[in-house]
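The values are calculated or read from the model by the stated rules, or taken from the named source; none is laboratory data. Source: prediction; values computed, not measured. Cβ coordinates were reconstructed from backbone atoms using ideal geometry, including for glycine residues, and neighbour counts include every protein chain displayed.
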Amino acid sequence: MTEVDTSPVRVLVTKIGLDGHDRGSRLVAAYLRDAGMEVIYTPPWQTIAGVVKLATEEDIDVIGISSLATDHLIVPKMMGALREAGLDRVRVVVGGIVPDEEKPALVSAGVSRIFGPGSSRDEIVEAVASLGKQSRAERMDEFSEVI
């Protein structure tokens, strides 16, 4: 019999780099919280190392990165840091202003989803919940391999 983790999906909503515009990330954090997820929200100007450390300490399932001023360009570096920390199962989504020509680099780095302006509350909540469940399933598989 496979155990199922029924605790709420844990989401880290943050901003890396120097962009301080956080209104959108605060709204998304509220959407996710209101949908029953556990949300850890950080203030702007986080470092990649700080985000990886927090994701490890808080047992995060999904990281949401908000970008309005090209901070999404450092997300591939963060994806590498997550892999180095053994957090391959953590899903990453990016929201904000991401030019179409820059999206392929994010996807090839491992970003699971990109939300642009006009993404609906339901679209965001459903996608993050689904990604969180995928992350949880991988974690449970890892645990069962160890046992």
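All conditions in (1) crowded, with 16+ Cβ neighbours inside 10 Å; (2) under 20 Å from residue 80 (Cβ atoms); (3) touching a Leu at 6+ places or on another chain (Cβ under 8 Å) hold for residue 48, with the sole exception of (3).
In the range 61-72, the qualifying residues are those that are touching a strand residue (DSSP E or B) at 6+ places or on another chain (Cβ under 8 Å) and of a type in the set (A, V, I, L, M), and the one that is farthest from residue 100 (Cα to Cα) is 62.
Condition check ((1) aliphatic (A, V, I, L, M); (2) more than 15 Å from residue 63 (Cβ to Cβ); (3) surrounded by fewer than 15 Cβ atoms within 10 Å (Cβ to Cβ); (4) at pLDDT below 95) across all residues:
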residue	(1), (2), (3), (4)
77	no, no, yes, no
92	yes, no, no, no
96	no, no, no, yes
109	yes, no, no, no
120	no, yes, yes, no
125	yes, yes, no, no
141	no, yes, yes, yes
146	yes, yes, yes, yes
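Among the listed residues 31, 41, which satisfies the condition of being among the aromatic types (Phe, Trp, Tyr) and over 12 Å from the mean Cα position of the chain (by Cα)? I'd like the intermediate steps shown before the answer.
Values: 41 fails: over 12 Å from the mean Cα position of the chain (by Cα).
That would be 31, the only listed residue that is among the aromatic types (Phe, Trp, Tyr) and over 12 Å from the mean Cα position of the chain (by Cα).
Number of residues in the range 19-36 that are of a type in the set (Ser, Thr, Tyr) and at pLDDT below 95: the value is 1.
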